[in-house]
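The values are calculated or read from the model by the stated rules, or taken from the named source; none is laboratory data. Keep in mind it's a predicted model, so treat the numbers as computed, not measured. Glycine gets a Cβ as well: all are built from the backbone with ideal geometry, and neighbour counts include every protein chain shown. Accessible surface is based on the protein model in full, side chains and every heavy atom, while ligands, DNA and RNA are left aside. Shrake-Rupley method; radii C 1.70, N 1.55, O 1.52, S 1.80 Å.
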Amino acid sequence: MKAKLERITLLGPGLGYLTALMVVPLALVLSYTIFQRGRFGGLVYEPTTENFRRAVDPLYLDVLVTSAWIAGVTTLLALLIGYPTAYVIARLPARAKTIALVALVLPFWTNFLIRTYAWIVLLSPAGLVNDALTGWGLVDEPLQLLYTKPAIIAGLLYSYLPLMVLPLYASLEKQDHELLEAAANLGARPARAFLTVTLPLTLPAMLTGCVFVFVPSLGNFVVPELLGGGRTAMVGNLVRDQFLKARDWPFGATLALAVVAMLAVLLLIQAWSGRRLQGADRA
Amino acid sequence: MTSLLTITDVRRSFGDVTALDGVSLDIREGEFFALLGPSGCGKTTLLRILAGFESPDAGTVTLGGDDLTAIPAHRRPVNLMFQSYALFPHLSIEKNVAYGLEREKAGRAEIRERVGEVLDRVGLAGAAKRRPHQLSGGQRQRVALARAIVKRPRLLLLDEPLSALDRKVRAEMQLWLKQLQHEVGITFAVVTHDQEEAMSMADRIAVLNHGRVEQIDTPVALYGAPRTHFVADFIGGNNFFDGTAVKGGLLAGSLLPGTPSVPDIVATGDAAVLAVRPEQIRIGTGLDDAVLRGTVLDVSFYGGTSRFAVRVPGREKPVQVQRPGAPGFVPDQAVDLGWGEAEAVLIPPAVSAASAAA
């Protein structure tokens, strides 16, 4: 009885908050998908399957696929850049480690929008990157860097890279150094020891980092809006436009559901493989 | 016997701390050797130098005549059983044991055969497919051992092999390790702080203290004829009587009877210490050859043996006496203590930590 009371008191606030502000709105959004649009936004409560039919239209499907592709490339790059970063930080002396970690999360102290605007300054035709390229004579005239997919990827990567580095760092940091000595003692040269011991043991953390980067990248609409130009490059923009510009709430909700469904599948895969790799996490 | 490993005047410091201060020793082909000493004596540093995880600042280490320090860790014919076992948590038992053979690029059939054979030997054939976290401490240790011997190293290092096991499993493992060493014919070098462990298993023991070798001997010789105060004190119980070495014995106030003639390690006229084991002292009333007289302070009975603390006038510490069977004496009883010359050893006095470091 006492334990139950304790659990309720401790869980209560968080659970209540999530129920009121996430579960209920999500349920509402899901329910919108089966109704028709009102003329000036809102809903007409007459069931229809039209929204789902429209969602698989190649026009919209293409946006979903492009979004997944952009988020996927961002995630892959984050992994390739983030792993060596985390690896080096985990092996720094204690003081330098702290400094490196603070430096890593320092950008988060600045507003997300402002940081994204900074990329415009960097990538614009008269921006720093083009200045440097023309100045060194590498290109004759400024490149169109802004309003491209690579620009979106650069912006997303910049924003979410720490979310890849931190779980990898945590995993590498707690890894028993003696395991590498054991590998060496059994005849593995350093590169081989890394591939057969360090890498497989950080697989769960790699998976976590990938989900942490992929999920917000897929749904992001600020970065594609600012760095991708006015075009509806990603599904996040599409959803936003349906609600706020086209005033088609049911269809916006349907597209949102598509994103949620994609992420749910991803999280299920992660949970499943996480459990398979669980033995690797224990000593 | 030919010597396999020769360590000559090896030194290693970490900042201000001298871990090894000129260590020289030989490990012979096929023997069970022990490096024994308290924590901080440098035994772990020496082990890490042998495994290739550390390099000596000075001195040489040769294995079968070849300079070992010139060979990188992953190419040394030396395997180590880690104190923490350091099993790969993501690999099955079988894969853990196969790891070293895979690095040698052994054929698949050969790997399977050798892994099966060694798992059989350590009694874990049934657990081949399990992961380390599914095994008990004793089982994990045997996996660690299997993983180290499967490569048939010329020298097997064991870092505190029994420290993580409970008392009962320990006794079994001690016996088993000794048998195993005999069967596989690999030279074993155990590092331990536990004198009982070293004494019961090793053919020869090097006692280390403050980065120096105090004495290298068989267990029996270490116990019966310690050459330094540290060895006499560290291994087994002992009673120490301070005095000055004179012709014919030890002068402690008056000439103490029951002292052997002065050995080569003590100079006549210098300070010296007489060491007598508790079980070498006879206790009784009206002994003809009594060396000391005192009163019983405390009696304790340990089943097979009885121990006495005897207060002797003019001596701060009570004399410890041990004998088989029931006590037979009570506290406050006046008793005589006696021993023969052959039962006592004369050694140089203790070297204090400060002067040892200087």
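What to note about this one:
- Fluctuation leader among B:R147, B:R277, B:R103 - chain B, Gaussian network, Cα springs under 10 angstrom: B:R103
- Probe 1.4 Å - accessible area at B:R282, Å² to nearest ten: 100
- Note on chain B: along the principal axes its Cα atoms extend 76, 46, 37 Å, ordered by decreasing extent.
- Mean-position separation - Cα centroids, segment B:30-58 and segment B:271-309, in angstrom: 38
- Look at the stretch A:187-193: the mean tally of other chain Cβ atoms within 10 Å of its residues' Cβ atoms is 5.
- Surrounding net charge for B:Q181, when Lys and Arg each add one and Asp and Glu each subtract one, Cβ distance under 10 Å: -2
- Amide H contacts for B:D57 (H built 1.01 Å from N in the peptide plane; partners 5 or more residues away or on another chain; cut-off under 5 Å): B:R11, B:R12, B:S13.
- Remark: for residue pairs B:K43/B:K151; B:K105/B:K151; A:K174/B:K105; B:K95/B:K151, the C-alpha separation exceeds 21 Å in B:K43/B:K151; A:K174/B:K105.
- Charge dipole of the protein assembly as shown about the Cα centre (unit charges at C-beta), most positive-ward option of A:V56, B:P257, A:G12: A:V56
- Percentage of interatomic Cα-Cα distances in segment B:1-117 larger than 23 Å: 42
- Using R0 = 22 Å, the C-beta based FRET efficiency linking B:D120 and B:A164 works out to 0.40.
- For segment A:146-189: rounded, prolate or oblate by the Cα gyration tensor [a/c cutoff 1.5]: oblate
- Counting heavy atoms of the protein chains alone, B:E341 has an accessible area of about 110 Å² for a 1.4 Å probe.
- Taking the C-alpha atoms only, the angle from helix B:167-184 to the longest principal axis of chain B is near 60 degrees.
- Chain-alone versus full-assembly comparison, segment B:34-81, residues with accessible loss of at least 40 Å² (1.4 Å probe): B:F53, B:H74
- For segment A:200-209, backbone phi angles converted through the Karplus equation (6.51, -1.76, 1.60; θ = phi - 60°) give residue-by-residue couplings of x, 6, 9, 4, x, 5, 4, 4, 4, x Hz, Gly and Pro being listed as x.
- Mean shadow area of the protein assembly as shown over all directions, Cα convex hull, nm²: 46.1
- Gap separating the Cα centres of segment A:181-244 and segment A:115-158, nearest whole Å: 23
- Surface composition of segment A:48-277: carbon plus sulfur atoms hold 71% of the accessible area, using a 1.4 angstrom probe and ignoring ligands, DNA and RNA.
- Dividing the summed helix terms, -39500 (n - 2.57) for each DSSP H run of n ≥ 4, by the number of residues in chain B produces a 222 nm estimate of -7500 deg cm²/dmol to the nearest 500.
- Net charge dipole, the protein assembly as shown: roughly 2380 debye, given to the nearest 20, about the Cα centre with Cβ charges of +1 for Lys and Arg and -1 for Asp and Glu.
- The antiparallel fraction among DSSP beta bridges confined to the protein assembly as shown stands at about 75%.
- Near A:G41, once Lys and Arg are set to +1 and Asp and Glu to -1 for all other residues with Cβ below 15 Å from its Cβ, the sum equals +3.
- The H on the amide N of B:F329, modeled in the peptide plane, is under 5 Å from the matching H of no residue at least 5 residues off or on a different chain.
- Options B:G107, B:L68, B:I93, ranked by Cα towards positive dipole end of segment B:63-137, top entry (Cβ charges): B:I93
- Counting only protein heavy atoms and a 1.4 Å probe, chain A has 56 square angstrom of accessible area per residue.
- Note on surface exposure: A:V265, B:V312 rank A:V265, B:V312 by accessible area, highest first, 1.4 Å probe.
- Cα gyration tensor of segment A:48-277 - equivalent ellipsoid semi-axes, whole Å, descending: 36, 26, 15
- Take each residue of peptide A:196-208, count the partner chain Cβ atoms within 10 Å of its Cβ, and average: the result is 2.
- Placing unit charges on the Cβ atoms only, positive for Lys and Arg and negative for Asp and Glu, gives chain A a dipole magnitude near 740 debye about its Cα centre.
- B/A buried area, accessible surface, summed, 1.4 Å probe, Å²: 2100
- Here the dipole of segment B:234-358 is about 200 debye; that uses its Cα centre as origin and unit charges on the Cβ of Lys and Arg (positive) and Asp and Glu (negative).
- Segment B:108-174 shape via C-alpha gyration tensor axes, a/c threshold 1.5: oblate
- Chain B, relative contact order [Cα under 8 Å, separation at least 6], %: 15
- Each pair of Cα atoms in segment B:106-262 enters the Kirkwood radius, and Stokes-Einstein at 37 °C and 0.692 mPa s then converts it into a translational diffusion coefficient of 175 µm²/s.
- Amide H contacts of B:Q83 (H built 1.01 Å from N, under 5 Å, at least 5 apart or other chain): B:D159
- Note, ³J(HN,Hα) from phi for segment B:32-40, Karplus 6.51, -1.76, 1.60, rounded to Hz, x at Gly and Pro: 9, 9, 10, 9, 10, x, x, 5, x
- Listed residues B:M201, A:M22 arranged by accessible area, highest first, probe 1.4 Å: A:M22, B:M201
- Derived scalar couplings ³J(HN,Hα) [segment B:279-292; Karplus, 6.51 cos²θ - 1.76 cosθ + 1.60; whole Hz; x for Gly, Pro]: 7, 8, 8, 8, 10, x, 10, x, 6, 5, 9, 4, 8, 10
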